[in-house]
Amino acid sequence: MNNIKIIILLCLVFNQFFASIGWAQEKHGFTITGKIKGLKEGETVKLTFEDTWPIWGNGWTKPVASALVKNGKFTIRGYLPDGPRLAELEFSRTNADMKQPFPPFLMDNENIVIHGRVRAKILPSQSIIIEGSRSNEERKKLFPYFDIWRQGLRDRLTDTLQKLNGLLGYNKDFMAGIERLKLEQLAQVKRGLVQNSSGQAAVPYYVMQCFDAVGHDSIVSLLYDRLDEHIKTSYYGKLMQNRLYLCEGQPAPNFTSFTPEGKSVSLKDVTAKNKLTILDFWGSGCIPCRNEFKEYTVALYNEFHNKGLEIIAVSWDKNEKSWKKAITDDQQPWINVSSLKGFGDSVYSSYKIIHTPQNVVIDQQGKIVAWNISGLELHWFVDKYLNK
């Protein structure tokens, strides 16, 4: 019995020793084999990953791996420690001839083959085939659902309502019909997502890419719970998990900030006194924000303030004079606050705001009830909520 214990102990010691000097088996990484016609002999192919969410300016990492083109072929090897990432290939010489950048693709530690042809007059997305990446296939499979949700049910609907506003104005029957149609289509999209997204690596990627449109919906928590554990701890999985507290139905993060006169304002105190509170993120240099104020928000506030609506406009301004001048010029009647720290404002950090305009609607219990609704849609939401 003692001999067996000694043997087991020796095995453990030797295993740790071999691992420490690099004799242990290496983790399985990725291999990208490229067979692309049109590349220049000897040029460098570089692999980069999406670095920040969302893509904002130059949101790509420095090259993480590279290879030289030989006889029209290249092989890039490496290891992804944090699961699937959106990747892109750069070519040191051919890139200048391409009409658009190489199509990005989702990849994990997989054996990937990329083939096709690069020509100056043909878009890479039309002539390049990417095979072997399960993550990217999942991405293509889920694309229609997120595209309909983001483009069809948010962007296009908003554009349509803005165009009809000049013709119909605010019409309750019309808005009720629009809402029914939207909810029916949204229900179909959500059913499709739940049925087709179990355990898939592309889910957190798409949630983050479409975050402004879909990332705050209560269904996001359900989608996250259905992910495999290794996807939850992946790069996009951790980003998704870190934003679940901002979903509709969750308590709105409390904060205290200051008015132009230096008076402190607590979100918790404001929401407790009003049936509905809108946090509006803006800045004096944000033209769409200020246009929205002039065209819709001032009238909305004047109509519903006495019925229980309050607005707190949180500015990303750094210049106090510019901030105060914009408030005066736009005749903003609501509560204005700012720390004058730009997007480094703690309120912006708490709500993960990296661009404007954006807004959050909060009920009297301090819970988030809606994100990023504007114009006629916001008017209808407030009207229906305060008169229910």
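The values are calculated or read from the model by the stated rules, or taken from the named source; none is laboratory data. Given the structure is predicted, the values throughout are model-derived calculations rather than measurements. For neighbour counting, all protein chains shown are included, and Cβ atoms are generated from backbone atoms with ideal geometry for every residue, glycine included.
Results for (1) exposed (fewer than 14 other Cβ atoms within 10 Å of the Cβ); (2) within 23 Å of Tyr385 (Cβ to Cβ); (3) touching a His at 6+ places or on another chain (Cβ under 8 Å); (4) not assigned by TED's automatic domain parsing to the domain that holds Glu377, shown as yes or no for each residue.
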{"site": "Ala272", "(1), (2), (3), (4)": "yes, yes, no, no"}
{"site": "Lys275", "(1), (2), (3), (4)": "no, yes, no, no"}
{"site": "Ile278", "(1), (2), (3), (4)": "no, yes, no, no"}
{"site": "Gly283", "(1), (2), (3), (4)": "no, no, no, no"}
{"site": "Phe304", "(1), (2), (3), (4)": "no, yes, no, no"}
{"site": "Ser315", "(1), (2), (3), (4)": "no, no, no, no"}
{"site": "Ala326", "(1), (2), (3), (4)": "no, no, no, no"}
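Residues are listed down the side, and each one gets a yes or a no for (1) over 25 Å from Asn319 (Cβ atoms); (2) assigned by TED's automatic domain parsing to the domain that holds Pro288; (3) in contact with a helix residue (DSSP H, G or I) (Cβ under 7 Å, 6 or more places away or on another chain):
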position: Lys341; (1), (2), (3): no, yes, no
position: His355; (1), (2), (3): no, yes, no
position: Gln364; (1), (2), (3): yes, yes, yes
position: Lys367; (1), (2), (3): yes, yes, no
position: Trp371; (1), (2), (3): yes, yes, no
Any hit, segment 5-28, residues being at pLDDT 75 or above and in contact with a strand residue (DSSP E or B) (Cβ under 8 Å, 6 or more places away or on another chain): no
Hits in segment 246-269 - residues which are crowded, with 19+ Cβ neighbours inside 10 Å and either touching a Pro at 6+ places or on another chain (Cβ under 6 Å) or not in a loop (DSSP other than H, G, I, E, B) (or both): Leu246, Ser257, Leu267
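Condition check: more than 28 Å from Trp380 (Cα to Cα) and either in contact with a Gly (Cβ under 9 Å, 6 or more places away or on another chain) or without any contact (Cβ under 8 Å) to a residue 60 or more places away in the chain (or both). Does Lys232 satisfy that? Please lay out each step first, then the result.
Working: more than 28 Å from Trp380 (Cα to Cα): yes; either in contact with a Gly (Cβ under 9 Å, 6 or more places away or on another chain) or without any contact (Cβ under 8 Å) to a residue 60 or more places away in the chain (or both): yes.
Here the answer is yes, as Lys232 does meet what is asked.
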Test result for Tyr224, within 18 Å of Met208 (Cα to Cα) and aromatic (Phe, Trp, Tyr): yes
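Residues are listed down the side, and each one gets a yes or a no for (1) of a type in the set (D, E, K, R); (2) at pLDDT 85 or above; (3) in contact with a strand residue (DSSP E or B) (Cβ under 6 Å, 6 or more places away or on another chain):
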{"site": "Lys46", "(1), (2), (3)": "yes, yes, yes"}
{"site": "Phe49", "(1), (2), (3)": "no, yes, yes"}
{"site": "Gly78", "(1), (2), (3)": "no, yes, yes"}
{"site": "Asn95", "(1), (2), (3)": "no, no, no"}
{"site": "Lys99", "(1), (2), (3)": "yes, no, no"}
{"site": "Glu110", "(1), (2), (3)": "yes, yes, yes"}
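When the residues of segment 218-245 are narrowed to those that are in contact with an Asp or Glu (Cβ under 6 Å, 6 or more places away or on another chain) and in a loop (DSSP other than H, G, I, E, B), which ends up nearest to Asn196 (Cα to Cα)?
Filtering segment 218-245 down to residues in contact with an Asp or Glu (Cβ under 6 Å, 6 or more places away or on another chain) leaves 218, 234-235.
Among the residues that remain, those that are also in a loop (DSSP other than H, G, I, E, B) are: 218, 234.
Numbers: Ser218: 18, Ser234: 20 Å.
Among them, the one singled out is Ser218.
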Yes/no for Ser266 being assigned by TED's automatic domain parsing to the domain that holds Ser350, among the small types (Gly, Ala, Ser) and in contact with a strand residue (DSSP E or B) (Cβ under 6 Å, 6 or more places away or on another chain): yes
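Evaluate segment 304-314: report whether one residue or more is in contact with a Gly (Cβ under 7 Å, 6 or more places away or on another chain) and polar (S, T, N, Q).
no
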Condition check for Leu161: at pLDDT below 75 and outside any strand (DSSP E or B): yes
In segment 285-318, the residues that are among the hydroxyl-bearing types (Ser, Thr, Tyr) and within 13 Å of Phe343 (Cα to Cα): Ser315
Cβ pairs under 8 Å, 6+ apart, first in segment 169-191 and more than 23 Å from Lys388 (Cα to Cα), second assigned to a helix (DSSP H, G or I): Gln185/Ile148; Gln185/Gly152; Gln185/Leu153; Val189/Tyr145; Val189/Ile148; Val189/Trp149; Val189/Leu153; Lys190/Ile219
Hits in segment 295-310 (condition: in contact (Cβ under 8 Å) with a residue 40 or more places away in the chain and either at positive phi or of a type in the set (Gly, Ala, Ser) (or both)): Gly308
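Residues that are closer than 30 Å to Asn171 by Cβ and more than 25 Å from the chain's Cα centre (by Cα), at least 3 per element: which helices (runs of 4 or more DSSP H) completely within segment 284-388 meet that?
On the way: elements: 287-292, 298-304, 320-329, 346-350, 375-386.
So the answer is 298-304, 375-386.
Select from segment 57-90 the residues that are of a type in the set (Ser, Thr, Tyr) and either assigned to a loop (DSSP other than H, G, I, E, B) or closer than 10 Å to Leu47 by Cβ (or both) and list them in ascending order.
From segment 57-90, those of a type in the set (Ser, Thr, Tyr) are 61, 66, 75, 79; that's our starting set.
Scanning segment 57-90 gives Thr61, Ser66, Tyr79.
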In segment 30-44, the residues that are under 18 Å from Arg77 (Cα atoms) and in contact with a helix residue (DSSP H, G or I) (Cβ under 9 Å, 6 or more places away or on another chain): Ile36, Glu43
